[in-house]
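Laboratory data are not the source of any read-out in this text; all were calculated from the coordinates shown. All figures in this text were calculated on a predicted structure; none of them were measured in a lab. Virtual Cβ from ideal backbone geometry, glycine too; neighbours counted across all protein chains shown.
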Amino acid sequence: MVIEPVSNILASEGLGSPTLNALVPNESNYTVLLMQPHGKIEASVAGVGNKDRDLAQLQYGKFLEEARQSQADLVVTPEYSMPWETLVKAIKDGNVPGPGKLWAIGCESIRFGELEAHKQDLAPFAKMLYEPLQAIPARFTDPLAYVFLAPQINGNGAASIVVLVQFKTGPMGDPDHFEVNGLQCGTCIYQFGGAGQSLKLVSLICSDVFNFLDADATAVYDRALVIHIQLNPKPRHVEYRRYRDRLLRFQGDQTEIICLNWARDVEEFCGVETKLWKNISGTAWYLKPDKFDERDATLCTNHRRGLYYTWLQPLFTHALFFNYTPATYLLQATKVAHIGVPAAISRRRGPQLTKASVWDGDAMAWVEQVGADDGFNALVDESGQAKDELKRIAEDNPFAVERILALCAGEIGHYEDWHSVRKIDSCIIDESEVICRITFCQDTDDQASKFRIARLKRCGNLWNVLKTNDLLPASLADLSDEFQLDWSPVSPHQNILSASGKRATVIYMGEESGIAQAESIFKYAAAFLQRGFADHNESHNARQRLAVWYRGDQGGIELYGRERFISYTSPGDATEFDIGREQV
């Protein structure tokens, strides 16, 4: 793999480097248009392409029209997706990027000889460039086509439309050796920008990442936007994740990755055989700016449109995953770095999803959808009688649901800010990138499914406890009338609201916990409540309205420290961990 500056390629053709809006390190935002297509693909000795040719040409043609009309600064489609006929027609019709815009188009496979024919066909309209390969009729290439305007070096004459083609540099490892036997590989990865104060942009095509080593990451990572396009049934396989580890492990926060795959449930047609991949999508945006906008209002707006927050704990990185269904996504994003920008306005808040569109077969067009289905309503019945409350809250704030469910289960960790989005246990992902979010439940991994169902059932069991008067302590007798689940940033350690408007903290430790676990959670919750109120009386009342239930040795549901609710008379500035003052 050779990382080649685009400026070198253009200079040999008498062209200067474009000034791309996405790579100017100022405070101005830039727009990104992504396509996550529906997957009916055909694989043969000729390569990989769309099964339904007519539909694909119509959908991708409309997508390129949207790219032009929206004036998106960066336009991306995944590996093996764009029909060459569609791209060639768009260029001939003048539907091309404007100044400062870049299209990074993953195209269907093509033999090198066929690419040469397109070059001649497009010569009156665009300059097509690519590294020289030997024409091997029995093999196909896996191309990424960069389309952009480049100025003349001498400043004379109009800028030229350039189609710079980058080839995949190494085959993927599939059991049938499809690419091993059929793919003709390139050697170059092209880099836009990087000179002076310009930011960098590079793209990797699926299994390119196998050859993306430490030295490559060191050369690229600083002030870089990395695009990874795929047609991948297992996008979070360890070998496909390793390049992200290499890029994101460095000190600093000026690296971002856009990972774009096809939509879930790809169907592959190979002769008479059909394979159902049953894949996730895995399309995501990875970033770690210090001023990332993690306010609930911002993240909820993204959520409703189909962009879901997680915190990639091992790499201290924000990972925003897109809805798995076929769609196009228009986003506004902050630059990967700001240089010479006053601190007061240098807020790299991350991508904001402004529009998601789905294909309307009747209208034969991409149509904006009001809201994306995150899958929560199909699963919330697992919470039993609590389901209506959880639905109500999720409509307003999905993150409030994540917090309520964590608190109901006693999963609040040892930190007072357990409710921040980076510390809610269901929002955290580990190196496997399995997503356990409750209110974004499209991940089909068994671990994620079991986690969600267990968490919802725990809430349902707690609801039943609260509906059993004999199990309520005297301090929570008012809950026997009516109550509702609730979470507020003003009272972050409380999750229930009585009919009279009094808050409380209620926890059910589940079937697998005993008195020791109940005691530990009680102490932490009490300490958080104690520190959460400046007024000693309010702190005292809040701790009196704390209840932790667990499954006792005899199989019954027990309330931890029932007598505490009678004798809890310690001073408001004492801590629950001061064992010497505990009254039992």
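Computed quantities for the displayed model
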item	result
For segment 120-236: rounded, prolate or oblate by the Cα gyration tensor [a/c cutoff 1.5]	oblate
Listed pairs Lys391/Lys467; Lys423/Lys457; Lys92/Lys275 exceeding 29 Å between Cα atoms	Lys92/Lys275
Exposure proxy ranking, count of Cβ atoms within 10 Å, fewest first, for Glu267, Glu389	Glu267, Glu389
Sorted peptide list for 400-411, 205-216, 288-299, 233-244, criterion being average Cβ within 10 angstrom, highest first	400-411, 205-216, 233-244, 288-299
The chain shape via C-alpha gyration tensor axes, a/c threshold 1.5	prolate
Aspartates and glutamates whose Cα lies under 14 Å from that of Lys288, excluding same-chain neighbours fewer than 8 positions away	Asp222, Asp245, Asp253, Glu256
Ascending count of other beta-carbon atoms within 10 Å, so fewest first, for Ile438, Ile41	Ile41, Ile438
Residues with amide H under 5 Å from that of His228, placed H, sequence gap 5 or more	Leu204, Ile258, Cys259, Leu260
In segment 37-117, the trypsin sites (Lys or Arg not before Pro) that fall in loop regions by DSSP, at most 16 other Cβ within 10 Å	Lys51
Fewest-first sequence of His414, His303, His177, His38 by Cβ atoms within 10 Å of each Cβ	His414, His177, His38, His303
Rounded to whole Hz, the Karplus (6.51, -1.76, 1.60) HN-Hα couplings of segment 429-434, x for glycine and proline	10, 9, 5, 6, 6, 5
Mean separation of Cα contacts under 8 Å, 6 or more apart, over the residue count of segment 376-581: relative contact order %	18 percent
Relative contact order (percent, whole number), the chain, Cα cutoff 8 Å, 6+ residue spacing	11 percent
